Amino acid sequence: MNHEAFLSDLVTSLPELNGAFLFSPQAEIIATHIGDSLSDFNPLAIGKRITDIATTASSHLHDINHLQVTFDNMILSGRLLPDQNWLFIIHTPELSTGMIRMTLQLALNNSAQESDTGDRQPEQSIPKMAAAEPAALNEAIKIDTGALMSPGAPLARPLNELQDALANCIGPAAIPVFQDILSAWCQEHKPALATLKHLIPLMDHEIEDREDLNSFHNNIKDLFPQE
């Protein structure tokens, strides 16, 4: 994993995130991406203090793999990864529990994938003859869904709120699922406020539980006021 690139993508993907850093048990920073608003923030000192607390508490309680510390105007959430490093994200109180869980789970999945593939020898590629396909099928339109949701983008707020609402229903899977939904939406409609409503049937299809579906519609109703 390119740690720096992962943290950069993570922080820029959510406007509520002010920064993120990876901290090793050897009390050192592996990678960090801290926003300008936190110029005085010292991730090394914070990482040492928080993981010391976790280690001490673990001797009296069960193993601790998730921490959250609240400051005056921000929150520090941490997750212990399979490689025993800690991922910390710094965010505003507006970031929902579902998005926090989803963000940390994404990092957990990436770390697990890296552990699974890190010990394997690269397999020798075997040349294959590709079947002839129409050119149109090989030229899928590439959609930069990340740009649509990046801070400052015209649709960033409603799209992030929709993803957040989906995360509260289906959990960590919401990030890749929502990216697929966005890609399908962009293939059929021009990304705009007027076409946002066409996302809803695609999202409904991913929510199996009826109560969760009702909750989802209730959470997004303010995005689509009745005319």
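The values are calculated or read from the model by the stated rules, or taken from the named source; none is laboratory data. Every value quoted in this text rests on a predicted model; they were computed, and no experiment measured them. Here the Cβ is made from the backbone with ideal geometry for all residues, glycine too, and neighbour counts use every protein chain on show.
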Residue that is modelled with the lowest pLDDT [pool: residues in the range 72-102 that are of a type outside the set (Ser, Thr, Tyr) and farther than 20 Å from Leu7 by Cβ]: Gly98
For Ser125: the one exception among (1) surrounded by fewer than 11 Cβ atoms within 10 Å (Cβ to Cβ); (2) among the hydroxyl-bearing types (Ser, Thr, Tyr); (3) modelled with pLDDT of 70 or more: (3)
Matching residues, the range 172-227, being farther than 25 Å from Ala147 by Cβ and modelled with pLDDT under 85: Pro225, Gln226, Glu227
Unmet requirement for Cys169, which otherwise passes all of (1) in contact with a helix residue (DSSP H, G or I) (Cβ under 6 Å, 6 or more places away or on another chain); (2) at pLDDT below 85; (3) over 13 Å from Ser13 (Cα atoms): (2)
